[in-house]
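As structure tokens, the structure follows; a few thoughts come after it.
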Amino acid sequence: MDFKADHFVLFGIKPTFRLDLSDLDSRYRDIQAQVHPDRFAHAGEAERRLSMQWATHANEAYQTLKKPLERAKYLLHLAGHDIQAESNTAMPPDFLMEQMEWREAVMEARDGGDHHELERLHNRLRNDISARYEELGQLLDDKAEFALATDRVRRLMFLEKLLHEIDDALASLEE
Amino acid sequence: MALFQIAEPGESAAPHEHKLAIGIDLGTTNSLVATVRSGLAVCLNDEQGRPLLPSVVRYHADGSTEVGYDAQKNQAVDPKNTIVSVKRFMGRGTKDIAHIESMPYDFVEATGMVKLKTHAGIKSPVETSAEILKALKARAEAALGGDLVGAVITVPAYFDDAQRQATKDAARLAGLNVLRLLNEPTAAAIAYGLDNAAEGVYAVYDLGGGTFDISILKLTKGVFEVMSTGGDSALGGDDFDHRIYCWVIEQATPQPLSLEDSRRLMMRCREAKEFLTNNPEAPISLRLANGEMIDVKLDVATFASITQTLISKTLQPVKKALRDAGLRPEDVKGVVMVGGATRMPQVQKAVGDFFRQEPLTNLDPDKVVALGAATQANLLAGNKTGKDDWLLLDVIPLSLGLETMGGLVEKVIPRNSTIPTARAQEFTTFKDGQTAMAIHVVQGEREMVADCRSLARFELRGIPPMVAGAARIRVTFQVDADGLLSVTAREQTTGVESSITVKPSYGLSDDEIAGMLKDSMEHAKEDAAARALKESQVEAERMIEATEAALAEDAHLLSAEEIAKIRATIAKLRETAAGDNRRQINIAMDDLGYETQAFAHRRMDQSIKKVLSGRKVDDIKVGEEGEQA
């Protein structure tokens, strides 16, 4: 058992995109119950340091597997398909057009203080994202189509960011 | 295997011996100390049977100090030298402190943190807080009759790194071994949750004397998981006093008040605030030194209206914390009220209206934090109590970031990340032949560096000259379980490393602490060298105990040779610790640490493997329980 072992091995689960989140939660808690610094507050220096490293590692692994986008990126990384998020931003023009329309709609609703419209955009996007994760599950778990999955993940990165912006706009309207 | 579990006579630490550990609520207005006795958390009272210690320190000209009720009683006599609400100054510069103009102290701006000029000399808030901690430590030692293995000290969840580090420094100055800095709302949740075997999502609304915290926690079987936290580390009951004070001045328009009168009036305002909890109207009257009389009446409705903005100021962070947790008010199963200021009816009403439910107030809001801290201290000290085996997963309250081009902040660790946590980020040089790089660490949510708290600046030197963009500098942030940050930077291609614990830019250096420690010892006529020796001996004892306990459990992970080596190192340490050479003791401790490194690794691996394999035999566990029944 070492830090180089992959996150799925750490939690003792199969490396799949579709996973049982409540099972992951309980495995995470079981591991923290063993390695957390609170378990070693009265131990020697070496054990305390080690416990901090392990607990840090378990937190990072859990955060990566818990969020679907991060989990998908991680699975692609394990399969040798890195996203190259920063160096490779070329996206098909129709997708970019669609993005621009979304953004305009969000900006308009935000500037007009239209809470209702922002909620509507949020829900629409949420549904769109869910459907895309369904597809991603098939590509990764059933078909092993990693190249296509990489493209879908890049799109989802745009959409998640957009969803975040809508949430921020909603939050600033509430304040 | 069993052979190694037999300890030699006199060598075994009694495994069931109860270790003395305390929990301290170091509050803005009042502080408390609690411990677990016969399985029950209790507050330790002073000789007059009072659990609270007012967080007031008076400095006398001869350098002696008075802490608590006596100092509080005399605060109007000697306001310049009687420090109240010192917690508001911890890790803070003059520009961070609200109403600084109406305070009677002589402030001295030092790097990062203010200092106060008293007639006993210039005092750092860390030293003043240490006086309060010393008084509580003495109280605990007298009550428990023995040496303390350590203390859990609570801090507002919303305290940033500077404020946490200052608190830990104060504990060190007071001679306390800090087992953990624990967030106040989390401490309250422990006291509350364990008492009620609660499950579900809870909000802890903690309005203390000078700080406000909101934490959203998920309680599931034995796990307290903080989902999000928020607050205002400069908003509390004091501000309500101040609002009353301003209102009185408006009503009565007296001549400008002297420092003494001003402090006296502030005390009357506080009394009025407390009186209004159970009465419709409070009289506020005071004869000033010049004979003039202030005599006004404040009713509940007026009090509510002049403090309304303060209450809505607390609801902003509540909304934000819920949003961060991805929850709505109706998802919250219970709202726990903590802190004396939550006794105010208008606060309870506003919180009740927001969450659409009656807040929970069945535990004393003054004591609940100290009781939770004591419970946690008991667990951390290694007093296993069987049934109360729980796990606490807390978060960092504010994002950590680095300054990038144009004074912008690049976030490295987002707020509400579960601690301990670490994140590495890579940077590069932007000029040809650049050999040094400045790193500026900040904390906060804003986009501009100027709007965030500066934690540390340091420089990575010795980068080999390369073309711009060729160097790869990896900066690693590590936040430990106390919520404290350390940063290391390394140039990847050559391995040049620079490491700091984030301290220099605001706080006290180790030298300054050593100096303060020496001063306070001189005054207490305590021998600094004797105390340092004693500390090393206690630490050595603790280490021996921990190692022996580990050997008793897991000797099978070691070869006979390794066991012999560890045993010999323990024997050496025990022998050295019996003497009075502190340096030798520390060397012997380092040796034992070195010899047990591999052992520690194997033990950790074993326990993780055990969890994973235990997973597949869930049905067997049920069978075992069945047999016991």
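The values are calculated or read from the model by the stated rules, or taken from the named source; none is laboratory data. Quick caveat: nothing in here was measured; it's all calculated off a predicted structure. Every residue, glycine among them, receives a Cβ derived from its backbone with ideal geometry; neighbour counts consider all protein chains shown. To get the accessible areas, we keep the full protein, side chains included, count just its heavy atoms, and leave off ligands, DNA and RNA. Shrake-Rupley method; radii C 1.70, N 1.55, O 1.52, S 1.80 Å.
Counting only protein heavy atoms and using a 1.4 Å probe, what share of the accessible area of the protein assembly as shown belongs to carbon plus sulfur, as a whole percent?
Working: 18630 of 36730 Å².
Solvent-exposed carbon and sulfur of the protein assembly as shown make up 51 percent of the total.
Return the long-range amide H neighbours of B:THR29 (sequence gap of 5 or more, or a different chain), with a cut-off of under 5 Å between placed amide H atoms.
B:GLY209, B:GLY210
So between B:LYS297 and B:ILE587, what do we pick up on full extension, going 0.36 nm a residue minus the alpha carbon distance? List each step's numbers first, then the result.
On the way: separation 290, 0.36 × 290 = 104.40 nm, distance 6.73 nm.
Value of the extension gain: 97.7 nm.
Need the full-extension length gain, B:THR435 to B:ALA143, defined as separation in residues times 0.36 nm minus the C-alpha distance. One decimal, nm.
Working: separation 292, 0.36 × 292 = 105.12 nm, distance 5.85 nm.
Residue separation times 0.36 nm, minus the Cα-Cα distance, leaves 99.3 nm.
Could you give the nm distance between label points at B:LYS95 and A:ASP25, where each point is 7 Å from its Cα heading toward the beta carbon?
Between B:LYS95 and A:ASP25, the simple spin-label model gives 4.4 nm.
From the phi of every residue in segment B:55-63, what ³J(HN,Hα) in whole Hz does the Karplus formula 6.51 cos²θ - 1.76 cosθ + 1.60 yield, where θ is phi - 60° and glycine or proline is x?
These are the phi-based 3J(HN,Hα) values: 7, 10, 10, 10, 9, 8, 4, 7, x Hz.
Mind running the shape call on the protein assembly as shown? Use the C-alpha gyration tensor, a ≥ b ≥ c as the square roots of the eigenvalues: rounded below 1.5 for a/c, prolate if a/b tops b/c, oblate otherwise. Walk me through the numbers on the way to the answer.
Working: a/c = 1.56, a/b = 1.13, b/c = 1.37.
Cα axes put the protein assembly as shown in the oblate bin.
With a 10 Å radius around each residue's Cβ, average the other Cβ atoms per peptide and rank B:123-130, B:549-556, highest first. Walk me through the numbers before you get to the answer.
Values: B:123-130: 25.8, B:549-556: 16.2.
Descending mean neighbour count gives B:123-130, B:549-556.
Could you give each residue of segment B:151-165 its phi-based ³J(HN,Hα) in whole Hz, using Karplus coefficients 6.51, -1.76, 1.60 with θ = phi - 60°, and x for Gly or Pro?
9, 9, 10, 8, 9, x, 4, 7, 4, 8, 4, 4, 6, 5, 4
Could you tell me the ratio Rg/Rh of chain B? Both radii from Cα atoms, Rh via Kirkwood. Mind dumping the intermediate values first?
Numbers: Rg = 26.5 Å, Rh = 26.9 Å.
So for chain B, dividing Rg by the Kirkwood Rh gives 0.99.
Please report the buried accessible area for the interface of B with A, total over both chains, probe 1.4 Å, in Å² to the nearest 100.
Details: alone 29600 and 10750 Å², together 36730 Å².
Chains B and A together bury roughly 3600 Å² of accessible area.
Taking segment B:175-224, which trypsin sites (Lys or Arg not before Pro) meet the DSSP loop condition and have no more than 15 other C-beta atoms within 10 Å? Can you show the working numbers first?
On the way: sites: B:ARG180, B:LYS218, B:LYS221; in loops: B:LYS221.
Counting only loop positions with at most 15 other Cβ atoms within 10 Å, the trypsin sites (Lys or Arg not before Pro) in segment B:175-224 are B:LYS221.
Run the dipole for chain B about the Cα centre, Lys and Arg Cβ at +1, Asp and Glu Cβ at -1, nothing else charged, and hand back the magnitude in debye, nearest 20. Walk me through the numbers on the way to the answer.
Values: 72 positive and 89 negative charges, 186 e Å.
Magnitude of the dipole: close to 900 debye.
Computed FRET efficiency, Cβ-Cβ of A:ASN123 and B:ARG37, R0 60 Å: what is it to the nearest 0.05? Numbers along the way, then the final one.
Working: r = 55 Å, r/R0 = 0.91.
Calculated transfer efficiency: 0.65.
Can you give me the long-range amide H partners of B:THR361? Hydrogens built in the peptide plane at 1.01 Å from N, cutoff under 5 Å, separation of 5 or more residues or another chain.
none
As a test, work out the antiparallel percent of DSSP beta bridges whose residues both lie in chain B, rounded to the nearest 5. Provide the component values of the computation, followed by the final result.
On the way: 84 of 103 bridges.
Just about 80 percent of them are antiparallel.
Please list the non-local residues whose amide H lies under 5 Å from the amide H of B:SER417, H modeled 1.01 Å from N, same-chain partners needing a gap of 5 or more.
Residues meeting the amide H criterion: B:ILE396.
Using the Karplus equation 6.51 cos²θ - 1.76 cosθ + 1.60 (θ = phi - 60°), what ³J(HN,Hα) coupling, rounded to whole Hz, does each residue of segment A:105-115 give in order, writing x for Gly and Pro?
Along segment A:105-115, the couplings run 4, 5, 4, 4, 5, 5, 5, x, x, 8, 4 Hz.
Please give the FRET efficiency for B:THR220 paired with B:ASP62, using the beta carbon to beta carbon distance and R0 = 45 Å, rounded to the nearest 0.05.
Values: r = 56 Å, r/R0 = 1.24.
Calculated transfer efficiency: 0.20.
By how many nm would the segment from B:THR494 to B:THR404 lengthen if fully extended, with 0.36 nm per residue of separation less the alpha-carbon distance? Please list the in-between numbers first.
Numbers: separation 90, 0.36 × 90 = 32.40 nm, distance 2.30 nm.
Contour length minus the Cα-Cα distance gives 30.1 nm.
Using 1/(1 + (r/R0)^6) with R0 = 30 angstrom and r between the beta carbons of B:ALA568 and B:ALA532, what's the FRET efficiency to the nearest 0.05?
Numbers: r = 27 Å, r/R0 = 0.89.
For B:ALA568 and B:ALA532, the calculated efficiency is 0.70.
Please average, across the residues of A:25-38, the number of beta carbons from any other chain that are within 10 Å of each residue's own beta carbon, and give a whole number. If you can, show how the numbers build up before the last one.
Details: counts 4, 4, 3, 4, 8, 8, 4, 7, 7, 9, 4, 5, 7, 12.
Across the residues of A:25-38, the mean count of other-chain Cβ atoms within 10 Å is 6.
Can you give me the relative contact order of segment B:84-232 as a percent, contacts being Cα pairs under 8 Å and 6 or more apart?
Values: 228 pairs, mean separation 27.4, N = 149.
The normalised contact order for segment B:84-232 reaches 18 percent.
Could you check the spin-label model distance between A:HIS115 and A:ALA90? Points 7 Å from the Cα along Cα→Cβ, value in nm.
Result for the modelled spin labels: 4.6 nm.
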